[in-house]
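Read the structure below first, then the notes.
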Amino acid sequence: QVQLVESGGGLVQAGDSLSLSCVDSGSTLSRFAMAWSRQAPGKDREFIGGISYNNISFYTNSVKGRFTISRDNAKNTVYLQVNNLKPSDTAAYYCAAARTSSLLKAGQIEYWGQGTQVTVSS
């Protein structure tokens, strides 16, 4: 059973970098394509990007260059590195799992984590 738990959020200043982690306590993460999304207050959830089980990553155009997704299947963990944080990056960040990258891109998510809050002060 997939159980995703995000961590690493908090209050940071604009220009800082942050690394978020998502651990699958069910130890099945290697079987899934993984994604990160975020939801700012009063806005729809926004897809950030994803990574296939064999480490091919892809991103939505609006975040290319500052966001990096990686994974360590041996640790059942997927990461989101965010550089040069902006106040507009303030949001709850969620990891998600799907059977394939194609399903991720189509929004066909099987599992969601509970989210971790990132707040960026100016």
Return a yes/no flag: does region 100-111 have any residue that is touching a Lys or Arg at 6+ places or on another chain (Cβ under 8 Å) and among the small types (Gly, Ala, Ser). no
What number of residues in region 32-45 are surrounded by 16 or more Cβ atoms within 10 Å (Cβ to Cβ) and outside any loop (DSSP other than H, G, I, E, B)? 6
Sort out which residues of region 101-114 are out of contact with any Asp or Glu (no Cβ under 6 Å at 6 or more places or on another chain) and either modelled with pLDDT of 95 or more or open to solvent by 40 Å² or more (accessible area, probe 1.4 Å) (or both), and write them in order of number. 102, 103, 105, 106, 107, 108, 109, 110, 111, 112, 114
Within region 57-113, which residues are assigned to a strand (DSSP E or B), closer than 21 Å to residue 40 by Cα, touching a residue at least 40 places away in the same chain (Cβ under 8 Å) and of a type in the set (S, T, N, Q)? 81
Give the residue, chosen from 85, 11, 4, that is in contact with a Cys (Cβ under 8 Å, 6 or more places away or on another chain), closer than 19 Å to residue 116 by Cβ and of a type outside the set (S, T, N, Q). 4
Count - residues of region 67-85 that are more than 16 Å from residue 25 (Cα to Cα) and either under 12 Å from the mean Cα position of the chain (by Cα) or surrounded by 13 or more Cβ atoms within 10 Å (Cβ to Cβ) (or both): 9
Counting only residues in region 91-100 that are open to solvent by 30 Å² or more (accessible area, probe 1.4 Å) and not basic (Lys, Arg), the one modelled with the lowest pLDDT is identified as 100
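The values are calculated or read from the model by the stated rules, or taken from the named source; none is laboratory data. Note that the structure is predicted; figures quoted are calculated from it, not measured. Here the Cβ is made from the backbone with ideal geometry for all residues, glycine too, and neighbour counts use every protein chain on show. Surface accessibility is based on the protein's heavy atoms, side chains included, excluding ligands, DNA and RNA. Shrake-Rupley method; radii C 1.70, N 1.55, O 1.52, S 1.80 Å.
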